[in-house]
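Novice: Provided herewith is a single structure, encoded as structure tokens, for subsequent inquiry.
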Amino acid sequence: MEKKNIDWSSIGFSYMPTDYRYVSNFKDGKWDEGTLSTDPNIVLNECAGVLQYSQSVFEGLKAYTTEDGRIVTFRPDLNAERIAASAARLEMPVFPKERFIDAVNQVVKANAAWVPPYGSGATLYLRPYMFGSNAVIGVKPADEYQFRILTTPVGPYFKGGAKPITIRVSDFDRAAPCGTGNIKAGLNYAMSLHAIVDAHKQGFDENMYLDPKTRTKVEETGGANFIFVTKDGKVVTPKSDSILPSITRRSLIYVAKEYLGLEAEEREVYFDEVKDFAECGLCGTAAVISPVGKINDHGKEICFPSGMEKMGPVIQKLYGTLTGIQMGRIEAPEGWIHVIE
Ligand SMILES: Cc1ncc(COP(=O)(O)O)c(C=O)c1O
């Protein structure tokens with residue numbers, strides 16, 4: 001298979017249509033058998049549930065070329081479980097886990113020429129998503145749905161090294177208590193757009209959201225969970241019912257304990273204690289870990305000892321180990337790596 005003629009190191013994080021996408025429709029209470037399609041466009045009724053009441057959920061994962069030339073995906077079973085939980089919360093039918101993994105395999109295999117080569121820093125991003133497709137005018141769940149997976153090659157997240165970012169404590173809330181903060185629904189992202197545009201206008205890279213009930217505990221940013229390191233080298237991540245259960249964060253906790261022999265805990269993190277941490281990072285599929293150098297709390301700055309030039313030493317080790325596992329340089333825990341045959 002010949003790769004597409006693309007300068008892999010110069011592409012960014014933007015949509016580039018590839019040859020195939022996976023499509024399956026839910027009608028009369030069941031999913032059809034699903035197919036690969038060459039058509040990137042969707043024709044919908046003007047009154048489709050997704051257009052009126054935002055009934056949509058999605059996922060994000062990547063396909064990598066490993067050091068020995070295999071194409072793999074990372075823990076797609078967890079994406080399958082998470083989109084099932086998201087769908088159930090929005091009264092949408094669940095796309096079965098085995099079918100989700102099979103659809104990932106099919107669409108990556110069909111687009112193998114678009115999977116960037118090992119060492120380029122680029123990857124093939126997969127976006128599984130599902131939406132209410134039939135006409136709905138009264139406020140109720142749709143009866144028909146479409147599940148799709150589109151793929152697009154994305155460039156290295158950090159060009160020229162991972163520079164620490166500056167974030168601010170947001171006055172907007174991301175999630176309501178007992179709301180939808182713990183699922184990956186499009187509506188959570190629509191309502192975060194104003195906050196992120198405003199943060200950028202004020203010169204910040206991201207928003208730190210606090211818990212909406214008491215505004216005393218750290219939640220997450222608009223697209224990543226937090227990871228902190230204490231001065232004595234313990235890894236800490238915030239626990240909350242209203243944050244997205246990040247697959248990267250869960251993997252990093254395992255890596256910290258089982259590969260690096262560090263103590264790691266998931267617990268409530270009060271904003272007041274953030275100033276005492278040695279390192280801070282944002283974790284998610286896109287960047288694995290983005291180091292945070294500074295947090296601005298309404299004009300008061302918290303500057304981490306790791307500084308504004310490079311990742312702190314513990315976060316660097318976590319980053320190196322997890323990316324090593326994903327790229328096949330380090331042996332993975334059982335079941336983490338799915339080889340596309
Ligand atoms: C709100 C939010 N939190 C956290 C994450 C990180 O999750 P994951 O590590 O599964 O990509 C994402 C990205 O998917 C996200 O959108």
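Novice: Quick one: count up the residues across segment 322-341 that are under 30 Å from residue 168 (Cα atoms) and either buried (at least 18 other Cβ atoms within 10 Å of the Cβ) or among the basic types (Lys, Arg) (or both). Full working, then the answer.
Specialist: First, the residues of segment 322-341 that are under 30 Å from residue 168 (Cα atoms): 322-323.
Pick out the ones that are also either buried (at least 18 other Cβ atoms within 10 Å of the Cβ) or among the basic types (Lys, Arg) (or both) and you get 322.
Residues flagged as under 30 Å from residue 168 (Cα atoms) and either buried (at least 18 other Cβ atoms within 10 Å of the Cβ) or among the basic types (Lys, Arg) (or both) within segment 322-341 amount to 1.
Novice: Modelled with pLDDT of 95 or more and within 16 Å of the ligand (Cβ to nearest atom): is that true of residue 63 in this structure? Lay out the reasoning, then the answer.
Specialist: Working: modelled with pLDDT of 95 or more: yes; within 16 Å of the ligand (Cβ to nearest atom): yes.
Considered against the rule, which asks whether it is modelled with pLDDT of 95 or more and within 16 Å of the ligand (Cβ to nearest atom), residue 63 comes out as yes.
Novice: Go through segment 156-205 and give me each residue that's within 30 Å of residue 8 (Cα to Cα) and among the aromatic types (Phe, Trp, Tyr).
Specialist: 157, 158, 189, 204
Novice: Another question, then. Filter segment 285-298 down to the residues that are part of a loop (DSSP other than H, G, I, E, B) and within 16 Å of the ligand (Cβ to nearest atom), then identify the one that is least open to solvent (accessible area, probe 1.4 Å).
Specialist: The first filter runs over segment 285-298 and keeps only residues part of a loop (DSSP other than H, G, I, E, B), leaving 285-287, 298.
From what is left, the residues that are within 16 Å of the ligand (Cβ to nearest atom) are 285-287.
On the way: 285: 44, 286: 36, 287: 11 Å².
Among those that are part of a loop (DSSP other than H, G, I, E, B) and within 16 Å of the ligand (Cβ to nearest atom), it is 287.
Novice: Restricting attention to segment 121-143, which residues are surrounded by fewer than 18 Cβ atoms within 10 Å (Cβ to Cβ) and in contact with a Phe, Trp or Tyr (Cβ under 9 Å, 6 or more places away or on another chain)? Break it down into steps so the answer makes sense when it comes.
Specialist: Going through segment 121-143, the residues surrounded by fewer than 18 Cβ atoms within 10 Å (Cβ to Cβ) turn out to be 121, 127, 134-135, 137-141, 143.
If the condition is that a residue be surrounded by fewer than 18 Cβ atoms within 10 Å (Cβ to Cβ) and in contact with a Phe, Trp or Tyr (Cβ under 9 Å, 6 or more places away or on another chain), then 121, 127, 134, 139, 140, 141, 143 are the ones that fit.
Novice: Could you please tell me which pairs satisfy a Cβ distance under 7 Å, a separation of 6+ or placement on different chains, a first residue in segment 2-19 that is modelled with pLDDT of 95 or more, and a second residue that is surrounded by 14 or more Cβ atoms within 10 Å (Cβ to Cβ) and part of a loop (DSSP other than H, G, I, E, B)?
Specialist: Within 7 Å, the pairs are 18/111; 19/111.
Novice: Moving on to the next point. Restricting to segment 29-59, what's the tally of residues that are under 12 Å from residue 148 (Cα atoms) and either within 16 Å of the ligand (Cβ to nearest atom) or of a type in the set (Gly, Ala, Ser) (or both)?
Specialist: 6
Novice: How many residues does segment 10-43 contain that are of a type in the set (Val, Ile, Thr), open to solvent by less than 70 Å² (accessible area, probe 1.4 Å) and over 25 Å from the mean Cα position of the chain (by Cα)?
Specialist: Summing the residues that are of a type in the set (Val, Ile, Thr), open to solvent by less than 70 Å² (accessible area, probe 1.4 Å) and over 25 Å from the mean Cα position of the chain (by Cα) in segment 10-43 gives 0.
Novice: Something else about it: Criterion first (under 25 Å from residue 6 (Cα atoms), surrounded by 16 or more Cβ atoms within 10 Å (Cβ to Cβ) and either in contact (Cβ under 8 Å) with a residue 12 or more places away in the chain or within 15 Å of the ligand (Cβ to nearest atom) (or both)) does residue 78 satisfy it?
Specialist: On the way: under 25 Å from residue 6 (Cα atoms): no; surrounded by 16 or more Cβ atoms within 10 Å (Cβ to Cβ): yes; either in contact (Cβ under 8 Å) with a residue 12 or more places away in the chain or within 15 Å of the ligand (Cβ to nearest atom) (or both): yes.
Criteria not met by residue 78.
Novice: Sticking with this structure for a sec: Quick one: residue 140 ticks every box in (1) free of Cβ contacts under 8 Å to residues at least 24 places away in the same chain; (2) over 28 Å from residue 243 (Cα atoms) bar one, so which box is it?
Specialist: The failed condition is (2).
Novice: Also, I was wondering about something else. Looking for something away from the ligand (no atom under 15 Å from the Cβ), among the aromatic types (Phe, Trp, Tyr), open to solvent by less than 50 Å² (accessible area, probe 1.4 Å) and not in a strand (DSSP E or B) - is there at least one such residue anywhere in segment 299-308?
Specialist: First pass over segment 299-308, keeping only residues away from the ligand (no atom under 15 Å from the Cβ): 299-308.
Subsequent filtering for residues that are among the aromatic types (Phe, Trp, Tyr) retains 304.
Checking the rest, the ones that are also open to solvent by less than 50 Å² (accessible area, probe 1.4 Å) come to 304.
When the remaining residues are screened for being not in a strand (DSSP E or B), the result is 304.
Looking through segment 299-308, at least one residue is away from the ligand (no atom under 15 Å from the Cβ), among the aromatic types (Phe, Trp, Tyr), open to solvent by less than 50 Å² (accessible area, probe 1.4 Å) and not in a strand (DSSP E or B).
Novice: Determine, yes or no, whether residue 166 is hydroxyl-bearing (Ser, Thr, Tyr), touching a strand residue (DSSP E or B) at 6+ places or on another chain (Cβ under 8 Å) and away from the ligand (no atom under 11 Å from the Cβ). Before you say what the answer is, go through the steps one by one.
Specialist: Working: hydroxyl-bearing (Ser, Thr, Tyr): yes; touching a strand residue (DSSP E or B) at 6+ places or on another chain (Cβ under 8 Å): yes; away from the ligand (no atom under 11 Å from the Cβ): yes.
Here the answer is yes, as residue 166 does meet what is asked.
Novice: Among what's in segment 81-96 and is away from the ligand (no atom under 12 Å from the Cβ) and either free of Cβ contacts under 8 Å to residues at least 40 places away in the same chain or not hydrophobic (A, V, I, L, M, F, W, C) (or both), pick the residue that is most open to solvent (accessible area, probe 1.4 Å). Let's see the steps before the verdict.
Specialist: The first filter runs over segment 81-96 and keeps only residues away from the ligand (no atom under 12 Å from the Cβ), leaving 84-85, 87-96.
Retained after the next criterion (residues that are either free of Cβ contacts under 8 Å to residues at least 40 places away in the same chain or not hydrophobic (A, V, I, L, M, F, W, C) (or both)): 84, 88-89, 91, 93-94, 96.
Numbers: 84: 23, 88: 57, 89: 105, 91: 124, 93: 23, 94: 67, 96: 43 Å².
Ranking the qualifying residues of segment 81-96, first place goes to 91.
Novice: In contact (Cβ under 8 Å) with a residue 12 or more places away in the chain and either open to solvent by less than 10 Å² (accessible area, probe 1.4 Å) or under 21 Å from the mean Cα position of the chain (by Cα) (or both): does that describe residue 112? Walk me through it before giving the result.
Specialist: Numbers: in contact (Cβ under 8 Å) with a residue 12 or more places away in the chain: yes; either open to solvent by less than 10 Å² (accessible area, probe 1.4 Å) or under 21 Å from the mean Cα position of the chain (by Cα) (or both): no.
No.
Novice: Among the residues of segment 313-341, count how many are in contact (Cβ under 8 Å) with a residue 12 or more places away in the chain and under 21 Å from residue 121 (Cα atoms).
Specialist: Selection size over segment 313-341: 18.
Novice: Is at least one residue of segment 43-65 of a type in the set (D, E, K, R) and part of a helix (DSSP H, G or I)?
Specialist: First, pick out the residues of segment 43-65 that are of a type in the set (D, E, K, R): 46, 59, 62.
From what's left, part of a helix (DSSP H, G or I): none.
So far as segment 43-65 goes, no, none of its residues is of a type in the set (D, E, K, R) and part of a helix (DSSP H, G or I).
Novice: A further question on this structure: Which residues, counting only those in segment 307-330, are at pLDDT 95 or above and of a type in the set (Asp, Glu)?
Specialist: None - no residue of segment 307-330 is at pLDDT 95 or above and of a type in the set (Asp, Glu), so the list stays empty.
Novice: Any chance you could count how many residues in segment 44-71 are more than 14 Å from the chain's Cα centre (by Cα), over 16 Å from residue 248 (Cβ atoms) and surrounded by 20 or more Cβ atoms within 10 Å (Cβ to Cβ)? Please lay out each step first, then the result.
Specialist: Looking only at segment 44-71, we keep the residues that are more than 14 Å from the chain's Cα centre (by Cα), and these are 44-56, 64-71.
Cutting the leftovers down to over 16 Å from residue 248 (Cβ atoms) gives us 44-56, 65-71.
From what's left, surrounded by 20 or more Cβ atoms within 10 Å (Cβ to Cβ): 48-50, 55-56, 65, 71.
Residues flagged as more than 14 Å from the chain's Cα centre (by Cα), over 16 Å from residue 248 (Cβ atoms) and surrounded by 20 or more Cβ atoms within 10 Å (Cβ to Cβ) within segment 44-71 amount to 7.
The values are calculated or read from the model by the stated rules, or taken from the named source; none is laboratory data. Quantities reported herein were computed from a predicted structural model and do not represent experimental measurements. As a convention, Cβ positions derive from the backbone with ideal geometry for all residues, glycine included, and neighbour counts pool all protein chains shown. Surface areas here come from the heavy atoms of the whole protein model, side chains and all, with no ligands, DNA or RNA. Shrake-Rupley method; radii C 1.70, N 1.55, O 1.52, S 1.80 Å.
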